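Chemist: One structure is given below, represented as structure tokens, and several questions about it will come after.
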Amino acid sequence: MYRLLIKQFFRSKTVLLAFSILLILGVLSISTGKQFLSQKQVAIEKTIEQQQKHLTTQTNIHKDDLGLLLYYLKFSFIKPVQSLAGISIGQSDLNSHIQNVSILNLEGQKYDTDLVNPMRLQTGNLDLSFLIIFLFPLVIIALNFNLLSEEVEKGTWKMITTQGKSSFKFLLMKLSIRVFFVFIILGVLFLLSKLVLEIPFNTAFLQLIIISYLYLLFWFAVCFFVIMLRKTSNTNAIILLVSWLILVVFLPVVINNYITNKYPIGEAFTMTIKQRDEYHKKWDTDKNETVNKFYKHYPQFSKYKVQEKGFSWLWYYAMQQMGDDESKHERDAMYNKIKSREGLSAKIAQFFPPLQVQLSMNKIANTGLTHQVKFLNATTKFHEGVRLQFYPKIFENEAVNTIDWKKYKVVFFKTETEFNLVKNIFYMTLITLLLVVFGVFRNLKFFT
């Protein structure tokens, strides 16, 4: 029976067309991911190469004044890009993964990003996560909307039920064939991703695979539930397409607008203005007032005294420090609101599988906004560490050639993934089971 049903399944040109489209777009999405990873890797390699060249060049030019040298010197802090980011690019194409910072005011340096074609950002990336979340459900709908109604409309359903065979089993066999071949297509794409993107078979990759297959099962359950309403093929198609439109397009837009309005981040603008304003105001402020605030922040440097007349590096770097200190409240408020947005998104997304899968994939691949905020916070600590190394050397007017510049190499951010698979798939699994159970119980009287 299975052999006959498989032959019947592949006799349809729609099936071959749908699978061909998925495979072609899948290959394109993987190549998009490969291109993205290559660009990031090239940037990292160039940064490592340029770090030492930059140090050598600047120390040769400004070899007589350490304070002046540190004004120009930049130190690189890099967030490595996981190969899983090739599957789910998320927001990592918007945010810089390399920070080149000097010991000057930090907040003005944090948000320097690469030059990217804005049209490309507007259209987004065709990565594999997009294919799984948006296009696979459409194919599943196209393969299943007339699973039962077609038999009824052709008059073959009565023949099946009068032959004494289990009509429910027959329906499940037809559905299982579609599940099997759609899963095969997804498996092929994951295998290609692993080979092309060089993804190690680790826990994160396995979690991403599991959540993707569960998502497809959710859409099969939606189709099964609608089929069990026993409507005509046209009605089934309309119900399923409207469901797709609401779940995948409409609701994410509505939820995004709600969260954006609930947590408006006006601090992003005020922080930028304030850090610049507070620094520039210090040029017209009494030196001692600025330096006393600096001593309050760093009591260990209070032994260094500022010159009353003329230029002083202690006073200059104290001014720079004040730009960061005075805008700290706005920076913390902005990060807290981003955290609140992410938290609320995660709570709401639990009940909407497309949103849940998108957020989960970004979290597994470390391409979400929360991970970027962690990187920016780590940049602050890195910057603080560099400052504390050089402040005493500058204030003591140490000679440039007494410092071992070769030891200042590129530093990498240590990425940590915090993802609870069970917590993230619980509600999606529950909704899937409920759809199947309701569909079956509603039709018990029809099946033999």
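The values are calculated or read from the model by the stated rules, or taken from the named source; none is laboratory data. It should be emphasised that the depicted structure is a prediction, and the values quoted were computed from it without experimental measurement. All Cβ positions, glycine included, derive from the backbone under ideal geometry; neighbour counts span all protein chains shown. Keep in mind that these areas ignore ligands, DNA and RNA; they rest on the heavy atoms of the full protein, side chains included. Shrake-Rupley method; radii C 1.70, N 1.55, O 1.52, S 1.80 Å.
Chemist: Looking at the square roots a ≥ b ≥ c of the eigenvalues of the Cα gyration tensor of the range 146-196, which shape do they give, rounded for a/c under 1.5, prolate if a/b is larger than b/c, or oblate? Write out the running numbers ahead of the final one.
Modeler: On the way: a/c = 6.89, a/b = 3.18, b/c = 2.17.
Judged from the Cα gyration tensor, the range 146-196 comes out prolate (a/c at least 1.5, a/b above b/c).
Chemist: Exceeding 28 Å between C-alpha atoms, which entries from my cross-link table qualify? They are K287/K393; K262/K423; K262/K374; K53/K281; K174/K231.
Modeler: Working: K287/K393 21 Å; K262/K423 25 Å; K262/K374 22 Å; K53/K281 35 Å; K174/K231 18 Å.
Beyond 28 Å: K53/K281.
Chemist: For the pair A43 and H280, what calculated FRET efficiency results from E = 1/(1 + (r/R0)^6), where r is the Cβ-Cβ distance and R0 = 30 Å, to the nearest 0.05?
Modeler: Numbers: r = 32 Å, r/R0 = 1.07.
The pair H280/A43 has a calculated efficiency of 0.40.
Chemist: Once every DSSP H run of n ≥ 4 in the chain is given -39500 (n - 2.57) and the sum is divided by its residues, what mean residue ellipticity at 222 nm do you get, rounded to the nearest 500 deg cm²/dmol? Numbers along the way, then the final one.
Modeler: Numbers: 19 runs with 300 residues, N = 448.
The per-residue figure over the chain is -22000 deg cm²/dmol.
Chemist: Full extension from L433 to I21: what is 0.36 nm times the residue separation minus their Cα-Cα distance, to one decimal in nm? Each step should come with its number before you reach the end.
Modeler: Values: separation 412, 0.36 × 412 = 148.32 nm, distance 2.93 nm.
Using 0.36 nm per residue and subtracting the Cα-Cα distance, I get 145.4 nm.
Chemist: Using only Cα atoms, tell me the angle between helix 313-326 and the longest principal axis of the chain; keep it within 0 to 90° and round to the nearest 10.
Modeler: Rounded to the nearest ten degrees, it is 30.
Chemist: Please calculate how many Å² of accessible area the chain carries per residue, with a 1.4 Å probe and no DNA, RNA or ligand atoms counted. Write down the numbers at each step before the final one.
Modeler: Values: 23080 Å² over 448 residues.
On a per-residue basis, 52 Å².
Chemist: Across the range 168-181, in residue order, what do the Karplus-derived ³J(HN,Hα) couplings come to in whole Hz, using 6.51 cos²θ - 1.76 cosθ + 1.60 with θ = phi - 60° and x for Gly and Pro?
Modeler: Here the 3J(HN,Hα) series is 5, 5, 4, 5, 5, 5, 5, 5, 5, 5, 5, 4, 4, 6 Hz.
Chemist: Same structure, new question: Gain in length, E384 to F180, computed as 0.36 nm per residue apart minus the alpha-carbon separation, to one decimal in nm?
Modeler: Details: separation 204, 0.36 × 204 = 73.44 nm, distance 5.47 nm.
Between E384 and F180, full extension yields 68.0 nm more.
Chemist: Further question: Label F168 and Y2 with points 7 Å out from Cα along Cα→Cβ: what is the distance between them in nm?
Modeler: 2.1
Chemist: Could you work out what % of the accessible surface of the chain is carbon and sulfur, using a 1.4 angstrom probe and leaving DNA, RNA and ligands out of the count?
Modeler: So the carbon and sulfur contribution to the accessible surface is 62 percent.
Chemist: Select from Q109, L197, S176 the residue farthest towards the positive end of the dipole of the chain; place +1 on Cβ of Lys and Arg, -1 on Cβ of Asp and Glu, and compute about the Cα centre.
Modeler: Checked the options; the winner is S176.
Chemist: Beta carbons within 10 angstrom, averaged per residue: use that to sort the peptides 43-54, 300-311, highest first.
Modeler: On the way: 43-54: 14.4, 300-311: 11.1.
Taking the mean over residues of other Cβ atoms within 10 Å, the ranking is 43-54, 300-311.
Chemist: Note down the nm distance, to one decimal, between modelled labels 7 Å out along Cα→Cβ at T235 and at T156.
Modeler: That separation, rounded to one decimal, is 2.2 nm.
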